[in-house]
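Only one structure is covered here, and it is reproduced in the block below.
Read the figures in this text as sums done on the coordinates, not as results from a lab. Since the model is a prediction, treat every value here as computed from it, not as a measurement. Cβ sites come from the backbone with ideal geometry, for glycine too, and all protein chains shown count toward neighbours.
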Amino acid sequence: MSSAEEMEKLFEEIQKVHGHGPDILVSNAGHGKRIPSILDIPVEEFDYTLNINLRASFILSKLAVPHMKSQKWGRIIFMGSIAAYGGGINGCHYAASKAGLIGMAKNLALKLAADGITVNDVAPAMIGETGMIPDAKFLEGTPGDVNNIPVGRLGAPQEVANVVTMLCKTGYLTGQSILLSGGLK
């Protein structure tokens, strides 16, 4: 997802196999090293994080929209994070990249709604069974501590999938960021 050329090749393959571009785009690529202090985030890491988490969604959307516009129907769903709201356990580089997705989703939603295309963002937090949550001991006493989650547990991948599925089926919800966080803010 760091190469525009590779994403273009992906869309060429989709075109070859299906005869057209995608009807639904779920942009789920992500990168985020846990570097909490701005003083410890190298500029290269900041750039790479924005490249994967924000630029790739821009390029994928740009490639997907022509087909969606031609058929007057499409769904674009970005996978954000609670970090976009200023929370989370990653650094400001990650938060900035995910906040950018919300802004892009809101802008594209307004510009593409007349073409039957909805654009939304799903912002999960503390989803278990993904390998992305570090050891519980590591998180004790931090904002990511499971004991701080109001529902008292980690989220499940299926719960994220349920929200994405709902967004694929719903044509009236657009320009929204859905915080799926068990009550964390």
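Please state the relative contact order of the chain as a whole percent: Cα pairs under 8 Å, 6+ residues apart?
Values: 316 pairs, mean separation 41.3, N = 185.
Relative CO of the chain lands at 22 percent.
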**OP:** Only helical DSSP H runs with n ≥ 4 go in: add -39500 (n - 2.57) per run for the chain, normalise by residue count and round the 222 nm mean residue ellipticity to 500 deg cm²/dmol.
**Re:** -13000 deg cm²/dmol
Original post:
Taking R0 as 30 Å, what's the FRET efficiency between Lys185 and Ser70 from their Cβ-Cβ distance, rounded to 0.05?
Top reply: 0.15
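Ratio of Rg to Rh for segment 51-100, alpha carbon only, Kirkwood? Please list the in-between numbers first.
Working: Rg = 13.4 Å, Rh = 12.0 Å.
Reported Rg/Rh, Kirkwood definition of Rh: 1.11.
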Original post:
Can you flag which of Lys72/Lys98; Lys62/Lys106; Lys62/Lys98; Lys111/Lys169; Lys33/Lys98; Lys16/Lys111 are past 23 Å Cα-Cα?
Top reply: Lys72/Lys98; Lys16/Lys111
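Of the chain, which part is the longest with no GluC sites (Glu not before Pro) in a loop (DSSP not H, G, I, E, B) and with at most 13 other C-beta atoms within 10 angstrom?
Details: sites that count: Glu129, Glu140.
Between the exposed loop sites, the longest stretch runs 1-128.
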Original post:
What's the extension gain from Glu129 to Leu39 if we count 0.36 nm per residue and subtract their Cα-Cα distance?
Top reply: 29.3 nm
**OP:** State, to one decimal in nm, how far the label point of Asp145 lies from the label point of Leu173, with both points 7 Å from Cα in the Cβ direction.
**Re:** 3.2 nm
Subject >> Dimensions (Å) - segment 79-132, Cα atoms, principal axes, largest first >> reply: 38, 24, 12
Original post:
Say each of Glu6 and Tyr48 gets a label point 7 Å from the Cα, pointing the same way as Cα to Cβ; how far apart are those two points in nm?
Top reply: 1.3 nm
Original post:
With a 10 Å Cβ neighbour count serving as the proxy for reagent exposure, in which order, fewest first, do Leu184, Leu110 appear?
Top reply: Leu110, Leu184
Subject >> Calculated log₁₀ intensity ratio I(q)/I(0) where the Debye formula runs over C-alpha points of segment 1-149, q = 0.08, 0.09, 0.19 Å⁻¹ >> reply: -0.26, -0.33, -1.12
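If you rank Tyr85, Tyr94, Tyr48 by fewest surrounding Cβ atoms within 10 Å, what's the result? Please list the in-between numbers first.
Values: Tyr85 19, Tyr94 27, Tyr48 16.
So the residues, fewest neighbours to most, are Tyr48, Tyr85, Tyr94.
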